[in-house]
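What follows is one structure encoded as structure tokens, with my remarks underneath.
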Amino acid sequence: MYILFAVLSLTALGLALGFMLGAAARYFKVEDNPLVDEIEKMMPGSQCGQCGYPGCRPAAEALVAGKASATLCPPGGKALAEQLASKLSLDIDLAGVEDQVPMVARVSEATCIGCTRCFKVCPTDAIVGAPKQIHAVVADACIACGKCVEVCPTECLGMQPIKTTLRNWRWAKPDLAAAGA
Amino acid sequence: MVVLDINALWRRRSKIRGGVHPEPRKESTADKPIVTDFPLPERLYLPLQQHLGQPAEPVVRAGDKVLKGQLLAASRGAVSASVHASTSGTVAGIEEYPAPHPSGLPTPTIVLEPDGEDRWIEGAGEADPFSLTPEELCARVDQAGIVGLGGAAFPSAMKLNLGWRTRINTLIINGGECEPYLTCDDRLMRERAAEIVEGVRIMLHGLQCPTALIAIEDNKPEAYAAMLDAAKKHGRIEVVQVPSLYPMGWEKNLVTHLTGKEVPAGGRPTDVGVLLHNVATAYAVQRAVRYGRPLISRVVTVSGEAVEAPRNVEAPLGTLLSELLAFCGHKPERTARYVMGGPMMGDHLPHVQVPLVKRTSGILALTPEEIQAADARPCIRCGRCVSACPVGLLPLEMMTRIRAGQLDAAVSFGLRDCISCSSCSYVCPSRIPLVHYFKYASGELMARQQAQQKTEQTNRLAEEKRRRLERAKQAAAARKAQASAKEDAS
């Protein structure tokens, strides 16, 4: 009898509190700035943390609040910086943004022990493998965030510049000095 | 009775916009016959990619013995072209070898050691090409690895295939050859007019298209006469003269001039029912369909002041350009610049230890006097580039935007419509390398587009990962619940 009473009272309490929470979520909802959502969508979304914020959303919030510069995202490079600046109507100095040399992670087969730590942290699932087997990087999916390099216990992961081939070779900008001022 | 020719009326009315008149410099090679006994080189280098699109997939291995015309690498994917052995011999290997490209970067290349016998593989020729269905014709052209020989190197079979999807009313055969120095198409038309005309008839049949126009610039009267003579028996083929003007051979210029229709920006001539092929492509199609011969050689103009005996040479694909130049008496000490193709749109090569490929229409060794290199001076806003631009763009405005890094502004000035014809650079009195700016900007835009795609892919992958982790969490929770329920029951 006592047990039944306890069960019923706790169920009633749970239900009542649940409805209250539901109602609160509905009627006291805090409106997020839709701009933050939009900016977050433009970001790479890999939560790599290279900007110094814990993820893309906090970075987007900082941008909207004016606490961060449009050039904060290294993986996004110049292209993203320009997009962000036009979205937020900011003036930016792109000359300062060096486009990073495109990099890709690479596993050194000699020292990989198959610990699986790297592919657990990989934001894009670009590392494949199985426990105690050598892991490999899917170059197309790698965004060169460097998270795997940090966790690798044997330092077998490294960042390498992507090789220039006929497919990704581009014309260099004409020399400004030669073009006259 | 006077017959009113609508086409002729249009031709008179449609004015070509812009354009320049560079010195032709064709006289040194135009009157010499094509050299057909070029000695077989010791090694041939056949890049897997000599065309637009996907590189071909090798089907031979190092050490294989191959016959002349045997398939070495098969086309892969929708836009691709196969590569064949230029002579009989042994495959020495498949390795990275410098490509004929301004960067001089290496590309996967099949190296072939000729055995000197030059023995052909059994080819399936067709005595009556017109008994084949259009599909079969396209397949033959595809198997022969034919690409546009005018310089763009677009796989020709794809263009012939279009006939089934889009209605093609007019086939234009481009014998303009408006680039200075080059005379390979001119010589081909003079010497092999009948073969070209048959190639055109085969193309018409493949496209199921009623008429063909062969356009020849009026500075090639001999070629015009030869083609006129060869085509007079065939009513569906008309040979027409077009004014000598650079870039007359640009496809949109020819379409506008010959049909009066304007190809929309960003569109292709097929959008107005017209298809263009080069004369050398028509010749290659005839060889492929009539005799079953794949594309393994081409006529190339070897010219420039640093060449003692400039002429047109029919050479096997894969020959090193340095050997071709040496054959014609090259003076390296006089050479200031190597150009593959014509001087206006061709690629500047860092060196000539690179192979002859399908799109190589010429190899020029130019002296310092010919190129007159000079440093760029400030823009004086004279507007000559504006009057020279055949597309109707404002090169000077685009250049200043690009120099300031404002690519989007350059795009709004029509950067995407630029055809890199170099007319603006040619007329610029300040010697500003305008076209270099546009090539740089186009590459940069392409890189941005790819970066954008990569961001989208990253977003998608990150989202997939989040979902996967969530599913794993739910599954673990469910297992736990199940286990505890079991415990309760027991």
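The values are calculated or read from the model by the stated rules, or taken from the named source; none is laboratory data. Small disclaimer: the values here were computed from a predicted structure and weren't measured. Virtual Cβ from ideal backbone geometry, glycine too; neighbours counted across all protein chains shown. The protein model used for the area step is the full one, side chains on, heavy atoms only, and it has no ligands, DNA or RNA in it. Shrake-Rupley method; radii C 1.70, N 1.55, O 1.52, S 1.80 Å.
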Under a 1.4 Å probe, counting only protein heavy atoms, B:Tyr440 has an accessible area in Å², nearest 10, of 30
Zone of A:Ala25's modelled label, taken as backbone nitrogen in segment B:460-484 under 16 Å from a point 7 Å along Cα→Cβ
none
Nearest 20 debye, what's the magnitude of the dipole of segment A:34-96 about its Cα centre given +1 on Lys and Arg Cβ and -1 on Asp and Glu Cβ?
120
Residues whose modelled amide H sits under 5 Å from the amide H of B:Arg311, counting only those 5 or more places away in sequence or on another chain, are B:Val302
Using a Gaussian network model of chain A with C-alpha springs under 10 Å, which one of A:Lys147, A:Lys87, A:Lys78 is most mobile by mean-square fluctuation?
A:Lys87
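Taking every DSSP beta bridge that has both residues in chain B, what percent is antiparallel when rounded to the nearest 5?
Numbers: 36 of 58 bridges.
Once the DSSP bridges in chain B are tallied, antiparallel ones form about 60 percent.
With n ≥ 4 as the cut-off for DSSP H runs, can you work out [θ] at 222 nm for the protein assembly as shown, using -39500 (n - 2.57) per run divided by the number of residues, rounded to the nearest 500?
Values: 22 runs with 246 residues, N = 671.
Helix contribution divided over all residues of the protein assembly as shown: -11000 deg cm²/dmol.
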Any idea which of A:Pro161, A:Leu88, B:Ser420 is furthest toward the positive side of the dipole for the protein assembly as shown, if Lys and Arg beta-carbons carry +1 and Asp and Glu beta-carbons -1?
A:Leu88
In whole percent, the fraction of accessible protein surface over chain B that belongs to carbon or sulfur atoms, probe radius 1.4 Å, stands at 51
Sorted by chain and number, the residues with a modelled amide H under 5 Å from that of A:Val107, at a separation of 5 or more or across chains, are A:Val137
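Taking both sides together, what accessible area is buried at the A/B interface, probe 1.4 Å, expressed in Å² and rounded to the nearest 100? Don't skip to the end; give the middle numbers.
On the way: alone 13100 and 23300 Å², together 33370 Å².
About 3000 Å² of accessible surface is lost on pairing.
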Quick calc, segment B:47-103, dipole around Cα centre from Cβ unit charges on Lys, Arg (+) and Asp, Glu (-), nearest 20 debye, gives 180
Descending principal axes extents, segment A:103-161, alpha-carbon based, whole Å
25, 18, 17
About the Cα centre, charge dipole magnitude for chain B (Lys/Arg +1, Asp/Glu -1 at Cβ), debye:
1940
Helix B:156-165: inclination vs chain B longest Cα principal axis, degrees, rounded to 10, gives 80
Would you pull out the residues with amide H under 5 Å of B:Leu276's amide H, same chain only if 5 or more places away, H placed 1.01 Å from N?
B:Ile172
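Heavy atoms only, probe 1.4 Å: what % of the accessible area of segment A:24-89 goes to carbon and sulfur, would you let me know? Intermediate values should be presented prior to the final figure.
Details: 1900 of 3640 Å².
Ligands and nucleic acids excluded, carbon and sulfur reach 52 percent.
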Taking a probe of 1.4 angstrom, what is the accessible area of B:Lys252 in Å², to the nearest 10?
40
With every protein chain left in place, what is the accessible area per residue of chain B in square angstrom, probe 1.4 Å?
45
On a 1.4 Å probe surface of the protein chains, which of B:Met344, B:Met203, B:Met158 comes out largest in accessible area, and what is the full order?
B:Met158, B:Met344, B:Met203
Report the residues of segment A:32-71 in range of a label on B:Arg416: point 7 Å along Cα→C-beta, backbone N strictly under 16 Å from it.
none
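Counting DSSP beta bridges with both partners in segment B:293-407, what percentage is antiparallel, nearest 5? Write out the running numbers ahead of the final one.
Working: 15 of 18 bridges.
Expressed as a percentage, antiparallel bridges in segment B:293-407 total about 85.
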Gaussian network model of chain A, springs between alpha carbon atoms under 10 Å - residue of A:Val64, A:Val107, A:Val30 with greatest fluctuation
A:Val30
Rounded to the nearest 5, the percent of antiparallel DSSP beta bridges in the protein assembly as shown equals 65
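Can you give the average number of partner chain beta-carbon atoms within 10 Å of each beta-carbon in peptide A:42-50, as a whole number?
On the way: counts 3, 3, 8, 9, 6, 3, 2, 0, 0.
Counting Cβ atoms of other protein chains within 10 Å of each residue's Cβ and averaging gives 4.
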Taking beta carbons within 10 Å but only from partner chains, what does the mean come to for residues B:444-455?
5
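Could you sort the peptides B:401-407, B:30-36 by per-residue average Cβ neighbour count (10 Å cutoff), highest mean leading?
Values: B:401-407: 18.4, B:30-36: 15.0.
The densest-packed peptide leads the list: B:401-407, B:30-36.
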Give the dimensionless ratio obtained when the Cα radius of gyration of chain B is divided by 2.2 N^0.38 Å.
1.13
Vicinal HN-Hα couplings computed from phi for segment B:81-98 (Karplus, 6.51 cos²θ - 1.76 cosθ + 1.60; Hz; Gly/Pro x):
9, 7, 10, 10, 6, 6, 7, 7, x, 10, 6, 7, x, 10, 9, 7, 9, x
Hey, what do the phi angles of segment A:50-63 turn into as Karplus ³J(HN,Hα) couplings, whole Hz, using 6.51/-1.76/1.60 and θ = phi - 60°, x for Gly and Pro?
5, 7, x, 9, x, x, 5, 5, x, 5, 5, 4, 5, 4
Counting only backbone N atoms under 12 Å from a point 7 Å out along Cα-to-Cβ of A:Ala172, the residues of segment B:80-116 in range are B:103
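When you have a sec, figure out the Kirkwood radius of segment B:373-490 from all distinct Cα pair distances and drop it here in Å to one decimal? It would help to have the intermediate numbers written out before the result.
On the way: mean 1/r = 0.0547 Å⁻¹.
Evaluated on segment B:373-490, it is 18.3 Å.
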How about segment B:130-232: which trypsin sites (Lys or Arg not before Pro) there are in a DSSP loop, with at most 14 other Cβ atoms within 10 Å of their Cβ?
B:Arg167, B:Lys232
Candidate residues B:His348, B:His84, B:His436: accessible-area rank, largest first, probe 1.4 Å:
B:His348, B:His436, B:His84
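Select from segment B:113-159 those GluC sites (Glu not before Pro) which occupy a DSSP coil region and have at most 14 other Cβ atoms within 10 Å, ordered by residue number.
Numbers: sites: B:Glu117, B:Glu122, B:Glu126, B:Glu135, B:Glu136; in loops: B:Glu117, B:Glu122, B:Glu126.
Listed in order of number, the matching sites are B:Glu117, B:Glu122.
Can you give the FRET efficiency to the nearest 0.05 for B:Ala373 and B:Glu117, using r as the Cβ-Cβ distance and R₀ = 45 Å? Provide the component values of the computation, followed by the final result.
Values: r = 46 Å, r/R0 = 1.02.
The value I calculate is 0.45.
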